[in-house]
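*Asks:* Take this structure first; my questions come after.
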Amino acid sequence: MSSLLSIKNMSVNFDTPRGSLEAVRGVDIEIPAGMSVGVVGESGSGKTVMCRAAMGLLQGSTVNRTGTVIFDGHELTAMSKEQVRELFGSGMAMIFQDPLTALNPVRRIGVQLSEGLRVRLGMSKSDAMARSKELLELVRIPNAAAVLKSFPYQLSGGMRQRVMIAIAISCNPKLLFADEPTTALDVTVQAQILQLLRELREDLKMSMVLVTHDLGVVAGNTDYVAVMYAGEVVEYAPTKKLFADMRMPYTEALLNSIPRVDHKSGTRLTVIAGRLPDPTNRPVGCSFAPRCKYAQDKCTTDHPELKTDPDGHIYRCWFPIGESL
Amino acid sequence: MEKLKFWLQRVAQLFVVLLLVTFGVSLLVRIIPVDLATIVMPVADENQRAAFRASIGLNKGPIGYYLQWLGNFVQGDLGKIYYSGGTETVSGHLIKAMPRSLLLMAYTQIFALGIAIPLGVLSAYRAGRRADRVISNTLFIFSSIPGFAIGLILIIVVGTKLAWLPTLGYATYSEGIWEHFKHMIMPVLSLSFGLISQYTRLLRADMIASLREDYVTMAMSKGLSDRRILWQHVFRPSSITLFTSAALSMGGLIGGAIVIESIFATYGVGFEIFAAIGGRQYIMLQSSVAVIALFYVFFNLVVDIGSGFVDPRTRDRRTNV
Ligand SMILES: Nc1ncnc2c1ncn2[C@@H]1O[C@H](COP(=O)(O)OP(=O)(O)OP(=O)(O)O)[C@@H](O)[C@H]1O
Ligand code: SF4
Ligand SMILES: [Mg+2]
């Protein structure tokens, strides 16, 4: 199967006053065309940075990205900013974590929705507006004409997220990054938004990278899962395979910490005892060692290498579950 | 309804400010330890002086004096300027001086904003890089030279040595557009330098803060060009402080250009105030300050109304006051 997006040995460092912060470390990941890939991990594990870096959205003198990103035959990491920009909208698009901060507070929804159509697809102002209204209807926003004229602060959280989805899909992207599209919403709205994303993906034949820290969301919405820990992808497998036969102790811990029914939206997964290692000062051995119940001496001295099972299941652990127990 | 209440409250507040300011100035005029009558009528006898004092209310207490002045002021009688030979009305002087000051102020603002906005946007976009450093260093140097010094340097170099521009006076439109601008260029430059660096710094700081916002990354992910993002997404939410400070500096520019107007003898309000102080024309001073206070209050209202246009969120917030 061909990959739509392939990320090879990508690392992202931020220069901070406290030194270099390695937010993403040597990530290798393939997003197969037409598939939905989940990215899970605790808060701060580098999910957002990985997605933004893959698209080339991290800018500024403090950002250093290394490695290779190939999207749909284009080697993004070898292209200029202007060339990559040509691929935005109709190639790649992104839904952001918080729809309130990701929509411009002083511009009307209609303007924010139609400008991509005008710039990327060359539509006229009135065509773009008409199309914007259709897009709002497509994401099931009632009273679309009025919403076009509103400002983001006048809409509810769920409506704002729908608007953002409408913006992201407006130019029919091949790949949609959805960065925690439901974290900021309450539970019933979460379900509606996930349903909407499933349908849109079906209709528009989009591939999707679905970032979440909720394994429950992953189970119902993805074909593959990448588990991130401390900036690394520590396990990658087809979703069914992962749940049936997980190899990483971290994934197991994550699964055991799946939020209870009374889990309120927005609460972070901090149920695994201990915390993520300091990203400016990572342990030499396995990053998970201080919190891992399977850890042995080797784990604290040697950084585990990536291993690939014959069936393509990838993980990064010296003592994977189901092997040396 | 809520909105109406907000605006009524706002206007009432500003009205109180106006009364306090004018009363304060009126007190100051009373406190000055000289007898106005002796100054404006040096050769008159005591009866004439007493009549003069009574005519402007100086025989009453501070409040009575203020009320009499206020009563005249609201009817358009701003008092008189006294010469040894006779009198002229304050309003006559201000009516002539005001358009000159307003034009000087308008040109100064347009020029300062016209330079500061591109500079601020550019230096935020290139923050920390060479263009940004060159801009901030240059502006720092210019902003540390006071306006009157710039004025004097301009007069010496451009006015006298090169003889390109007239160093004194004012020309109306009817004397020719070019003639008019020739008289304005140097005063405008002298007033602008400080403003340019102030405005650039404000805009740069706000733009840098806005550039970190998620909606900028979002705009990038739509495939918009940097130029479009800067101007359409970042400039507007970042310009509120800039326009507020520009509007508030208007009030100051109308009367506050005293030194520059005097150096270039543009015969604007600032010049009139300068002359009033020199000539001990305290009624003139009091009424001019009141007129300037009126302008301050007016531009305050402009800021209130304008910020609602720049940031729609403030419009609704107001109803929750
Ligand atoms: N612009 C930046 N400059 C410096 N450090 C950053 C920057 N952006 C992110 N980081 C750091 O990189 C690490 C990874 O952050 P990231 O936002 O990718 O986490 P995440 O997995 O998306 O978490 P969450 O679930 O909270 O969204 C964090 O330690 C964060 O503090
Ligand atoms: S390498 Fe060791 S510490 Fe790391 S996850 Fe595997 S068993 Fe645990
Ligand atoms: Mg994130």
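The values are calculated or read from the model by the stated rules, or taken from the named source; none is laboratory data. As the structure is a computational prediction, the values presented were derived from the model and not from experiment. Please note: Cβ atoms are built from the backbone with ideal geometry, for glycine as well, and neighbour counts cover all protein chains shown. Areas reflect the complete protein model, heavy atoms only, side chains present, ligands, DNA and RNA absent. Shrake-Rupley method; radii C 1.70, N 1.55, O 1.52, S 1.80 Å.
*Asks:* When the C-alpha atoms of the protein assembly as shown are aligned to their principal axes, what extent does each axis show, in angstrom, from largest down?
*Replies:* Sorted from largest, the Cα extents of the protein assembly as shown read 118, 59, 54 Å.
*Asks:* Hey, another quick one. Sequence neighbours fewer than 8 away in the same chain don't count; with that in mind, list the lysines whose C-alpha is under 30 Å from B:LYS96.
*Replies:* B:LYS80, B:LYS182
*Asks:* Okay, moving on. Given a 1.4 Å probe and every protein chain left where it sits, what share in percent of the accessible area of chain A is carbon and sulfur?
*Replies:* It is 52 percent, rounded to a whole number.
*Asks:* Helix-only mean residue ellipticity at 222 nm, the protein assembly as shown, DSSP H runs n ≥ 4 weighted -39,500 (n - 2.57), per residue, nearest 500. What is it?
*Replies:* So the helix-based figure for the protein assembly as shown works out to -16500 deg cm²/dmol.
*Asks:* Give me the percent relative contact order of segment A:105-170, please, defined on Cα pairs under 8 angstrom at least 6 residues apart.
*Replies:* Rounded, it is 47 percent for segment A:105-170.
*Asks:* Sort B:PHE52, B:PHE298 by accessible area with a 1.4 Å probe, largest first.
*Replies:* If we order B:PHE52, B:PHE298 from most to least accessible, we get B:PHE298, B:PHE52.
*Asks:* What is the magnitude of the charge dipole of the protein assembly as shown about its Cα centre, with +1 placed on the Cβ of each Lys and Arg, -1 on the Cβ of each Asp and Glu, and no other charges, expressed in debye to the nearest 20?
*Replies:* Taking the Cα centre of the protein assembly as shown as origin, the dipole is about 940 debye.
*Asks:* Still on this structure, I have one more. Hey, could you pull the Cα Rg and Dmax for segment A:1-142, both in Å?
*Replies:* 17.2, 50
*Asks:* Mind pulling up the Rg/Rh value for segment A:105-170? Radius of gyration and Kirkwood radius, both on Cα.
*Replies:* Ratio of gyration radius to Kirkwood radius: 0.93.
*Asks:* If you consider only alpha-carbon coordinates, what radius of gyration and Dmax does chain B have, in Å?
*Replies:* 23.9, 84
*Asks:* Report the one residue of B:ALA275, B:SER288, B:ILE240 whose Cα lies farthest in the direction of the positive end of the charge dipole of chain B (charges on C-beta: Lys and Arg +1, Asp and Glu -1; origin at the Cα centre).
*Replies:* Result: B:ILE240, furthest along the dipole toward the positive end.
*Asks:* A follow-up question, please. Taking a 1.4 Å probe, which of B:LEU4, A:LEU136, B:LEU139 shows the most accessible area, and what order do the others take after it?
*Replies:* B:LEU4, B:LEU139, A:LEU136
*Asks:* Which entries of A:LYS8/A:LYS293; A:LYS8/A:LYS307; A:LYS81/A:LYS205; A:LYS8/A:LYS81; A:LYS125/A:LYS205; A:LYS47/A:LYS241 show an alpha-carbon separation above 24 angstrom in the structure shown?
*Replies:* In this structure, A:LYS8/A:LYS293; A:LYS81/A:LYS205; A:LYS125/A:LYS205 lie more than 24 Å apart at Cα.
*Asks:* Can you tell me, using C-alpha contacts under 8 Å and at least 6 residues apart, the relative contact order of chain B as a whole percent?
*Replies:* Answer for chain B is 24 percent.
*Asks:* Given the protein chains as shown and a 1.4 Å probe, how many square angstrom of A:THR62 are accessible, to the nearest 10?
*Replies:* Approximately 60 Å² of A:THR62 is accessible to the 1.4 Å probe.
*Asks:* I've got another one for you. Could you tell me the center-to-center distance, by alpha carbons, between segment B:109-147 and segment B:20-60 in angstrom?
*Replies:* Measuring centre to centre over Cα atoms gives 49 Å.
*Asks:* Moving on to the next point. Which positions within segment A:75-119 get 50 Å² or more of their accessible surface covered by the other protein chains, compared to the chain by itself, with a 1.4 angstrom probe?
*Replies:* In segment A:75-119, residues shielded by partner chains: A:ARG85, A:PHE96, A:THR101, A:ASN104, A:PRO105, A:VAL106, A:ARG107, A:GLU115, A:VAL119.
*Asks:* Can you give me the accessible area per residue for the protein assembly as shown, using a 1.4 Å probe, in Å²?
*Replies:* Ligands and nucleic acids excluded, the figure is 46 Å² per residue.
*Asks:* Can you give me the long-range amide H partners of A:ALA178? Hydrogens built in the peptide plane at 1.01 Å from N, cutoff under 5 Å, separation of 5 or more residues or another chain.
*Replies:* Long-range HN contacts for A:ALA178: A:ILE95, A:VAL209, A:LEU210, A:VAL211.
*Asks:* Working with all protein chains in place, sort A:SER45, A:SER156 by solvent-accessible area computed with a 1.4 Å probe, largest first.
*Replies:* A:SER156, A:SER45
*Asks:* A follow-up question, please. Run the 1.4 Å probe and let me know the accessible area of B:THR241, rounded to the nearest 10 Å².
*Replies:* Counting only protein heavy atoms, B:THR241 exposes about 60 Å² to solvent.
*Asks:* Can I ask one more? How large, in percent, is the carbon and sulfur part of the accessible surface of chain B at a probe radius of 1.4 Å?
*Replies:* Here it works out to 68 percent.
*Asks:* Once the cut-off is 37 Å, how many percent of the Cα-Cα pairs in chain A end up in the long-distance tail?
*Replies:* 17 percent
*Asks:* To the nearest 10 Å², what's A:GLU82's accessible area with a 1.4 Å probe?
*Replies:* 100 Å²
*Asks:* Can I ask one more? Can you pull out the buried accessible area for chains A and B, both sides counted, probe 1.4 Å, rounded to the nearest 100 Å²?
*Replies:* In total, chains A and B hide about 2400 Å² from solvent.
*Asks:* Under the √(5λ) rule applied to the eigenvalues of the Cα gyration tensor, what semi-axes describe the equivalent ellipsoid of segment B:92-279? Give them in Å, descending.
*Replies:* Semi-axis lengths for segment B:92-279 are 37, 17, 14 Å.
*Asks:* Separate question: Quick one: putting +1 on the C-beta of Lys and Arg, -1 on the C-beta of Asp and Glu, what dipole do you get for segment A:105-170 around its Cα centre, in Debye to the nearest 20?
*Replies:* In debye, rounded to 20, segment A:105-170 gives about 120.
*Asks:* Okay, next question. List the lysines whose Cα lies under 29 Å from the Cα of B:LYS3, skipping any in the same chain that are fewer than 8 positions away.
*Replies:* Hits, sequence-local ones excluded: A:LYS149.
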